[in-house]
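Read the structure below first, then the notes.
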Amino acid sequence: MTATEPVRVAILVFDEVEVLDCSGPFEVFSVANRVLARRGEPARFDVRLVATTPQVIARGGLPLGTTTLSQAPDADLLLVAGGVTTDAERDPAVLEYVAGSRAWLRASVCTGAFVLAAAGVLTDQTVTTHAEDVDDLAARWPALRVLRGRRWVRDGDVFTSGGISAGIDLSLHLVSVLAGTDLARATATQMEYRWDDADKKPVGEAG
């Protein structure tokens with residue numbers, strides 16, 4: 001990626017993915033591009049859903065078209081959505097893709113943290129996940145420091161968020177990291193989403 005090229009965002013999905021876990025982040029990055037277009041500026045994000053198959057069925061039966069992992073370009077930001085992750089955690093193609101990703105930022109929404117952990121991306125970091133899954137994540141990977149009550153957590157180049165709607169907060173923060181706080185705020189305004197990044201303190205930066 002050069003200064004003039006968009007950030008390539010891959011949102012990993014699978015059957016029984018939580019709808020808002022993937023559509024919320026997708027909306028954030030795509031709306032950020034629309035805000036830029038209104039300013040006469042080029043798109044900053046190339047965002048797509050990626051999966052092992054051309055279509056997955058999300059929770060509630062919603063079909064989602066995807067770019068297959070074999071056809072997906074290298075990502076700069078890999079974000080793993082959550083949902084029912086049992087099969088994804090055991091899928092060799094998914095684990096190989098996540099573990100082998102060249103993305104310089106990795107993130108998860110909700111139980112997507114379990115996929116990152118199963119792939120060896122999460123090892124001993126400070127992380128978070130859906131409130132109902134904190135104990136399970138901590139028990140299965142005891143070297144992780146799993147925090148409760150956080151919308152999102154940053155530890156180095158890895159970001160994790162709480163459940164479902166928290167992925168929107170995390171994605172807005174990622175927009176601010178990658179393209180500036182002004183664009184993140186304008187995106188939240190366009191979405192009519194109440195976003196206050198000040199009280200979501202990244203580990204290692206503000207507590």
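The values are calculated or read from the model by the stated rules, or taken from the named source; none is laboratory data. Bear in mind that the values here come from a model prediction, so they are computed numbers and not experimental data. Neighbour counts run over all protein chains shown; Cβ positions are idealised from the backbone, glycine included.
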Filtering segment 125-139 down to residues that are part of a helix (DSSP H, G or I) and not acidic (Asp, Glu), which residue is surrounded by the fewest Cβ atoms within 10 Å (Cβ to Cβ)? ALA139
Out of the residues in segment 60-84 that are β-branched (Val, Ile, Thr) and within 16 Å of the chain's Cα centre (by Cα), which is surrounded by the most Cβ atoms within 10 Å (Cβ to Cβ)? VAL80
Cβ-Cβ under 8 Å pairs, at least 6 apart or on other chains, segment 25-46 side touching a residue at least 40 places away in the same chain (Cβ under 8 Å), far side assigned to a loop (DSSP other than H, G, I, E, B) and of a type in the set (Lys, Arg): ALA32/ARG44; LEU36/ARG44
State yes or no: is ALA119 surrounded by fewer than 23 Cβ atoms within 10 Å (Cβ to Cβ) and without any contact (Cβ under 8 Å) to a residue 60 or more places away in the chain? yes
Tell me, which strands (runs of 3 or more DSSP E) wholly within segment 7-59 include 3 or more residues that are more than 13 Å from the chain's Cα centre (by Cα)? 45-51, 55-57
How many residues does segment 85-110 contain that are closer than 18 Å to ASP15 by Cβ, touching a residue at least 60 places away in the same chain (Cβ under 8 Å) and outside any helix (DSSP H, G or I)? 4
Give me a count of the residues in segment 131-140 that are within 10 Å of THR111 (Cα to Cα) and in contact with a Leu (Cβ under 9 Å, 6 or more places away or on another chain). 2
Can you tell me which residue is surrounded by the most Cβ atoms within 10 Å (Cβ to Cβ) among those in segment 164-207 that are touching a Phe, Trp or Tyr at 6+ places or on another chain (Cβ under 8 Å), closer than 21 Å to ALA131 by Cα and at pLDDT 95 or above? SER171
Identify, by number, the condition in (1) in contact with a Phe, Trp or Tyr (Cβ under 7 Å, 6 or more places away or on another chain); (2) outside any strand (DSSP E or B); (3) over 18 Å from LEU172 (Cα atoms) that ALA72 doesn't meet. (1)
Single residue of SER165, SER171 found to be closer than 19 Å to ARG44 by Cα and small (Gly, Ala, Ser): SER171
Which condition breaks for SER108 when tested against (1) out of contact with any Leu (no Cβ under 7 Å at 6 or more places or on another chain); (2) closer than 21 Å to PRO142 by Cβ; (3) buried (at least 24 other Cβ atoms within 10 Å of the Cβ)? (1)
